[in-house]
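Please treat every number below as a calculation from the coordinates, not as lab data. Just so you know, these numbers come straight off a predicted model, no measurement behind them. Virtual Cβ from ideal backbone geometry, glycine too; neighbours counted across all protein chains shown.
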Amino acid sequence: MVLHGRLVYAWLPLLVILLQAFHGSFAKGSCSKNNGGCGKNALCSENRKTSAIKCTCKTGYTNTGSAVHVVCKDSCTIKNGGCGPHAACSHHAKTNAVQCTKKAGHTNTGTVSVS
């Protein structure tokens, strides 16, 4: 009986891990740990049904990776943030949205978007 009791105690930690995995307790709150594996410039969200993690770039950043491997880079470093060649790309102080400012000696012929 002593040997049987020791075997039960030896398997108990493994049983607990398997039960936790089965009930999904490892997946819950996974965005709270290491941002769910998303980069520092990405937002992490979790599907409540499947516990799948989704990384989405924050405002002012563009995904240069794929839907599965999200890599968020500063939008201003990618094709000047969509600003024309005669404009400087920067970020709004509060929202971090891309802002295009005309360079000296040039006239704005486009539209202005206020965020």
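Look at the dipole of region 34-102 built from charges on Cβ: of C38, A88, C76, the Cα furthest out on the positive end belongs to C38. Neighbours of N41, meaning other residues whose beta-carbon lies under 13 angstrom from its beta-carbon, give a summed charge of +2 when Lys and Arg score +1 and Asp and Glu score -1.
Highest-first packing order for the peptide set 54-66, 85-97 is 54-66, 85-97, based on the mean count of other beta carbon atoms within 10 Å. Histogrammed with a bin width of 5 Å, the alpha carbon distances of region 34-102 distribute as 4, 18, 22, 19, 15, 10, 7, 4, 1, 0 percent, first bin at zero. Other residues within the sphere of radius under 10 Å centred on the Cβ of A87, judged by their own Cβ, net out at +2 (K and R +1, D and E -1).
If you take all other residues with their beta carbon under 11 Å from the beta carbon of T62, and give Lys and Arg +1 and Asp and Glu -1, the sum is +2. Residue order for V68, V98, fewest other beta carbons within 10 angstrom first, comes to V68, V98.
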